[in-house]
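Enquirer: Sharing a structure, written as structure tokens. Questions coming.
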Amino acid sequence: MNIHQLSVSHDERQDRLLLRFNTQDGKEFRFWLTRRMATRLVPAMDQSVARLEASQPGIAAADVSSQKMLSELKRDAFLQTADFSTPYAAQSQQLPLGEKPFLVTDAQLSLQPNSSLQITFQKKTGDAIQSCQLNLQAQLVHGLIHLIRQSMTKAEWNCSAQTTEPHSDNARGTVAEQQTYKH
């Protein structure tokens with residue numbers, strides 16, 4: 001899946017974040033993140049992208065504080081050049097996950113050998129489990145984290161969990177303005 005744009009917005013009625021990814025081949029993937037899921041997912045993604053960047057060839061950042069500093073430098077460099085001004089292309093597209101957004105109840109993060117972060121979003125209802133995997137390069141992860149944090153702030157959610165260190169690579173949950181990033 002070649003991601004063309006991503007968007008994060010807060011829906012006041014649902015009190016959830018709506019993540020939308022559109023691809024270069026005209027597909028759109030929509031996900032709901034609850035407050036609980038978002039506050040657990042962001043720190044896990046932060047930690048994973050820091051390890052992802054520290055594992056690249058020629059990078060020597062073995063300890064956690066060095067990894068975090070390297071990730072912050074790369075994030076700042078990315079944010080200076082990222083295009084957050086192009087409106088999200090909300091044209092009618094193929095919706096592989098259906099018309100209604102996919103409610104994320106679980107998320108697993110794993111570093112991939114191709115220097116990407118695989119995020120597996122799951123929706124568990126009763127005995128049924130539906131899932132969707134995204135493979136994101138570090139720049140897209142930084143963009144996604146940035147947009148989620150902006151939306152959490154605009155939603156006036158208590159964002160203190162953003163700085164909490166996650167205990168694992170799993171973000172589990174029962175765990176109004178739109179922001180867009182164009183890749």
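The values are calculated or read from the model by the stated rules, or taken from the named source; none is laboratory data. Small disclaimer: the values here were computed from a predicted structure and weren't measured. Cβ atoms come from the backbone with ideal geometry, glycine included; neighbour counts cover every protein chain shown.
Enquirer: Test of understanding: among Ala54, Ala38, Ala77, Ala82, which residue is among the aliphatic types (A, V, I, L, M), surrounded by 12 or more Cβ atoms within 10 Å (Cβ to Cβ), closer than 21 Å to Asp15 by Cβ and modelled with pLDDT of 70 or more?
Expert: Ala38
Enquirer: Additional query: Any residue in region 3-14 that is hydroxyl-bearing (Ser, Thr, Tyr) sitting within a Cβ distance under 6 Å of a residue that is assigned to a strand (DSSP E or B)? List the pairs, counting only those 6 or more apart or interchain.
Expert: Ser7/Arg20; Ser7/Gln178; Ser7/Thr180; Ser9/Leu18; Ser9/Gln178
Enquirer: Sort out which residues of region 102-132 are under 17 Å from Ile3 (Cα atoms) and either in contact with a Gly (Cβ under 9 Å, 6 or more places away or on another chain) or in a strand (DSSP E or B) (or both), and write them in order of number.
Expert: Selection gives Ser116, Leu117, Gln118, Ile119, Thr120, Phe121, Cys132.
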